[in-house]
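This report refers to the structure that appears directly beneath it.
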Amino acid sequence: MITIFWIACLIIAVTMGLSLYRGVAGPGVFNRTAAVNVIGTKTIALLVIMGYYFERPHFFDIALLYAMMNFIGTLVFAKYLERGGLC
Amino acid sequence: MKFKGKRFGILLTFCIMAVFWVLLSGIFDAFHLISGLVCCAIVSLISHDLLVKGESEKKLLKSLRLLIYIPWELWQIVLANIDVAYRVLHPRMPIDPQIIEFETTLRGDFSLVTLANSITLTPGTITIEVEPDRGKFVVHAIGKEPADALLVDQTMQKKVAHVFMETAVRTEDLPTRK
Amino acid sequence: MLIVHVAVTVLLGIGAFFLLVGSIGLLRFPDFYTRLHATGKCDTLGGGLIILGAMIYHLFQYPETLLVSAKLAFLIFFVFIANPTATHAIMKAAYKTGVKPWRLGEERR
């Protein structure tokens, strides 16, 4: 079973690498924001799987916090780009 | 502060916060449980307006109908993913993007949010903008069939209107295509 | 136990496939709006399925810590609420700023 988790970790890491290309090369700031949001969502899944691979249950708390931080960060950045300010 | 008619909102906020406390703390001795419940009570008395707004009726029936609506929505999500996977993996990429606008007669906050998130998760469409005053939606569709499903059939608007017991979609004003 | 392992493997496989499709769509599609179509849907279901697989594995492998399973269930719920909202926020920002949508026959950008 641990092998399957390892393979899943590897596939998610590869997809994160693919998205990173769009984050580096993508034209314009919106493509980069989208790529960062996508990498964040993949990171949640990766953290949950890694919790089983390393047998550390604390990873789930980190995943929960990461989900919230990713969501709020994306919302704030989108708002900033839309209005040119944060109020 | 008047609590009449807001009892459901306070109770709902309290329940959600208590569940969240137990979930995140994970400690079940008396001191932590009681202090958490007291904190939840104070927060839900002060700021229940943030979560449940307004004083509409028949909230239990609406919650029940929402529970029936969710499995249909999950099935639509699976269909949407298969559709997107087909469009991505097809060698010629059968896409024809367009922006459409339509108006609904939904006015409630929660129903508008539900409709917007449902549109984003169902096949081929993403909500761009919602104007709550007129119930106007601007939607980006990836092909012609998803756009027609929203403009002509209007199954989703009818379902959401049924869940939240608001009036169904007007048929006389025809939606426009940009 | 074998059935649980097979089910978890299938869930993880389907989830990883959808994450992969989302990334390929992010690379292949011609403009910003269509790229968000790929990622907003595939990441929601893919990530949700992977966490669901982990939740089922935990439920049968370590039945004494039910709280962790509940935490993972909440995580699935949160992903399904938060991801469409974030997608919608970025898309609205781009639309308000005046990013033109790609039409059929134009050059990709």
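FYI, it's all coordinate maths here, none of it is from the lab. These figures come from a predicted structure and were not determined experimentally. Reconstructed Cβ throughout: ideal geometry from the backbone, glycine too, with neighbour counts over all protein chains shown.
The protection proxy used here, the mean number of other Cβ atoms lying within 10 Å of each residue, ranks peptides B:124-137, B:82-95 as follows, highest first: B:124-137, B:82-95. Directionally averaged projected area (the range A:1-69, Cα convex hull): 4.6 nm². Computed 3J(HN,Hα) for the range B:117-123, one whole-Hz value per residue from the Karplus formula 6.51 cos²θ - 1.76 cosθ + 1.60 where θ = phi - 60°, is 5, 5, 5, 5, 8, 8, x, glycine and proline marked x.
Helices assigned as whole DSSP H runs in chain C whose Cα atoms extend at least 24 Å along their own long axis and whose mean Kyte-Doolittle hydropathy is 1.6 or higher are found at C:2-28. Averaged over the residues of C:50-56, the number of partner chain Cβ atoms lying within 10 Å of the residue Cβ comes to 5. Of the residues B:Leu61, B:Leu12, the one with the fewest other Cβ atoms within 10 Å heads the list, and the complete ranking is B:Leu61, B:Leu12.
Just counting partner chain Cβ atoms within 10 Å, what average do the residues of peptide B:87-94 show around their Cβ?
Mean shielding count: 4.
What's log10 of I(q)/I(0) for chain C at q = 0.10, 0.17, 0.19, 0.21 Å⁻¹, Debye sum over Cα points only, no solvent? Normalising to I(0) and taking log10 leaves -0.40, -0.84, -0.95, -1.07. Axis of helix B:155-164 versus longest Cα principal axis of chain B: the two differ by about 20°, to the nearest ten degrees. Taken along its three principal axes, the alpha carbon spread of the protein assembly as shown comes to 65, 57, 43 Å, from the longest extent down to the shortest. Any chance you could check the Cα centroid distance between the range C:31-109 and the range B:119-170 for me, in angstrom? Using only Cα atoms, the two centres lie 20 Å from each other. For the listed peptides A:13-26, B:30-43, a ranking on the average number of other beta carbons within 10 Å per residue, highest first, reads A:13-26, B:30-43. Remark: for residue pairs A:Lys42/B:Lys158; B:Lys62/C:Lys41; C:Lys71/C:Lys96; A:Lys79/C:Lys41; B:Lys158/C:Lys71, the C-alpha separation exceeds 29 Å in A:Lys42/B:Lys158; C:Lys71/C:Lys96; B:Lys158/C:Lys71. Per residue, the convex hull spanned by the alpha carbons of the range B:7-50 comes to 58 Å³. If one takes the longest principal axis of the Cα atoms in chain A, at what angle in degrees, from 0 to 90 and to the nearest 10, does the Cα axis of helix A:58-83 lie? The helix A:58-83 is inclined about 10 degrees to chain A.
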